[in-house]
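Reviewing the structure listed below.
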Amino acid sequence: MWLMRPPGVYRAQEDTDLLISRVVQEPLRPGDEVLDVGTGTGAVALAAAGTGARVTAIDVSWRALATAWLNGALHRRRIRVRHGDLLAPVRGRKFALVVSNPPYVPAAAAEPPARGPARAWDAGPDGRALLDRICREGPGVLDRGGVLLLVQSSLCGVEATCLALERSGLDVRVTAQRVQPFGPIMSARAGWFEERGLIAVGEREEELVVVRGVRPR
């Protein structure tokens, strides 16, 4: 589906496609509540809305939220947009499905950027600044039997994500995997990744994975 994307809004890429491929496999029913955390252009939110689910999309970027809402209107798929930091705008609510394609690229800066385009991908030295927060907070907004879907790179610790979600009480497994060459941002940092031991010398591929956690009924 064609999506409007103004400058400064993260372009839906292979990780988005991989996450959508799992979202459409979930047995969503019309009226089920779905939450998209870090919606960007709204690509994942729109895929969920296509099932008849009631979708709420969160982003810290006002421009991203406007883009997601407009893309929903263009494709006649209604999504509710909320501005805020991760799950803060939906405290007290419960969802059948929570999905996220968060920033996960390791970066030299100790903290993720507060503004600018890199805010959509930089996530601290281990790439887990946002992942760890979602693993801690995400299970708390799931209905019984609810599902959390996260997409990330192998460079930022797939096992760490699985263990964190298990500690939060979810039943966890990896449901999708895809190996792909580094894009421009990862390629530019490859030497630093080697120095940090995140990749082998000369390695220029990453594995994208979707982690699925289920809250027991």
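The values are calculated or read from the model by the stated rules, or taken from the named source; none is laboratory data. It should be emphasised that the depicted structure is a prediction, and the values quoted were computed from it without experimental measurement. A quick note on method: Cβ atoms are made from the backbone with ideal geometry, for glycine too, and the neighbour counts reach across all protein chains shown.
Here are a few things to note about the model shown:
- Identity of the residue in the stretch 50-61, more than 16 Å from residue 101 (Cβ to Cβ) and not in a strand (DSSP E or B), that ends up farthest from the chain's Cα centre (by Cα): 52
- Meets criteria (modelled with pLDDT under 95, in contact with a Pro (Cβ under 9 Å, 6 or more places away or on another chain) and of a type outside the set (Asp, Glu)) for residue 86: yes
- In the stretch 65-96, the residues that are more than 18 Å from residue 136 (Cβ to Cβ) and out of contact with any helix residue (DSSP H, G or I) (no Cβ under 7 Å at 6 or more places or on another chain): 65, 66, 67, 69, 70, 73, 74, 76, 80, 96
- Exclusive hit being surrounded by 19 or more Cβ atoms within 10 Å (Cβ to Cβ), outside any loop (DSSP other than H, G, I, E, B) and among the hydroxyl-bearing types (Ser, Thr, Tyr), set 39, 67: 67
- Residue list for the stretch 88-108, filter: farther than 21 Å from residue 9 by Cβ, aliphatic (A, V, I, L, M) and not in a strand (DSSP E or B): 90, 108
- Among the residues of the stretch 162-213, those identified as under 23 Å from residue 135 (Cα atoms), hydrophobic (A, V, I, L, M, F, W, C) and in a strand (DSSP E or B) are 172, 174, 176, 208, 209, 210, 211.
- Enumeration of residues in the stretch 61-81 that are in contact with a Leu (Cβ under 9 Å, 6 or more places away or on another chain) and closer than 15 Å to residue 12 by Cα: 67, 68, 71, 72
- Residue identified as in a loop (DSSP other than H, G, I, E, B) and in contact (Cβ under 8 Å) with a residue 60 or more places away in the chain among 216, 112, 139: 216
- Any hit, the stretch 109-132, residues being under 26 Å from residue 91 (Cα atoms), at pLDDT 95 or above, loosely packed, with under 13 Cβ neighbours inside 10 Å and touching a Pro at 6+ places or on another chain (Cβ under 7 Å): no
- Some residue of the stretch 138-145 being modelled with pLDDT of 95 or more, touching a Gly at 6+ places or on another chain (Cβ under 7 Å) and closer than 28 Å to residue 29 by Cβ: yes
- For the stretch 144-160, the set of residues classified as more than 14 Å from residue 129 (Cα to Cα) and either over 15 Å from the mean Cα position of the chain (by Cα) or free of Cβ contacts under 8 Å to residues at least 24 places away in the same chain (or both) consists of 144, 145, 146, 159, listed by residue number.
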